[in-house]
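Comments concern the structure below.
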Amino acid sequence: MRRAGTIDDREQAQRFADYLLTQGIPSRVEEASGGGGGSAKTPTWAVWIIDEEHLETARSELADFRIDPAAAKYRGAAKPAENLRREEKKRVEQLNRNIVDVRRRWQGRHVGPHPFTIGLIAVTVAITLAVWFGDKEKQLSYWLNFAPLEPVATDRGLEVLLADDAFRTIASGEFWRLATPMFMHGGWLHLFFNMYMTYQLGGLVETRRGPWRFLLIVVATGIAANVTQYLWGQNFGPFRPHVMNFLGMSGVVYGLFGYAWMKSRFDPSAGIFLPPNLVVWLLLWFGLCTFGFLGERIANGAHAGGLVAGMALGYAPILWRKLTD
């Protein structure tokens, strides 16, 4: 903030500040000097320019103002300036109401109801437990996998191999396979981590963007994650070429993260805020998994597919507004 100059009269200083605001130059009027000691000093009023890039323009306008401070363009600026200040105040108040710091959710303070998130977690836990403890013949997991699998004896022992091409099976009518792998998990830690992150990120997105939009994001990113992992697994990593029984909600977790990240970064009015340390942590985890530091049998394709899909869903409306404005 830099000083454009001083004006002897308080009313005139405010009149000039009002005029500047109508020209898109926010400013502030403050007393520059006053009475003190044994003699009185005539107060003067300093006009401070908020944005330094407007300083030279403001000083030029001040020179014109001093020539005729009673000109009509200055006297008529009070009402438009007041309207601009009122609109800005409303905008800031609305923004403050909308912004939700996800750090508060980490501390257990919920920002609103999120029944779809709770329901998604409940269904996932129920299906995972059913697969673990009630699916001795592997029939349930057969129907939930992205591709139909069957146990086959090989020279390496009993392995679960592809029984048919996944896309051919899905095209024949088994469309649920596009999404259902996300409901199964490979262990307690896998299940807990994914459900915890689903609760945090999913609850935030559902509360701020609504349950149906949340459900759309879950389905879209889940399908993108599973399709990407299937294609990834046919060409890269330890899943190639025979074992394709990937599972878990982590693709959706990264999809919710990608969506929330774009909204937090580019669309504050959406009311979603992700602290930078969370963004760094999730991206670091993504990198560690992708480059094999946390083990080989990780569905990195699902992470990548979910993340890209979530980012696309989050940023697409922003890009559309930019292109159409």
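Things to note:
- Here the stretch 47-82 is the region considered, the condition is being assigned to a helix (DSSP H, G or I) and among the acidic types (Asp, Glu), and the residue that is surrounded by the most Cβ atoms within 10 Å (Cβ to Cβ) is Glu61.
- Qualifying residues in the stretch 125-171 (those that are at pLDDT below 85, in a helix (DSSP H, G or I) and not hydrophobic (A, V, I, L, M, F, W, C)) - the one nearest to the chain's Cα centre (by Cα): Ser141
- The residues of the stretch 175-202 that are surrounded by 24 or more Cβ atoms within 10 Å (Cβ to Cβ) and part of a helix (DSSP H, G or I), listed by number, are Pro181, Met182, Leu201, Gly202.
- Tyr254 in contact with a His (Cβ under 6 Å, 6 or more places away or on another chain) and of a type in the set (Ser, Thr, Tyr): yes
The values are calculated or read from the model by the stated rules, or taken from the named source; none is laboratory data. Everything numeric here is computed off the predicted structure, so don't read it as measured data. FYI the Cβ positions are ideal-geometry reconstructions off the backbone, even for glycines, and counts take in every protein chain you see.
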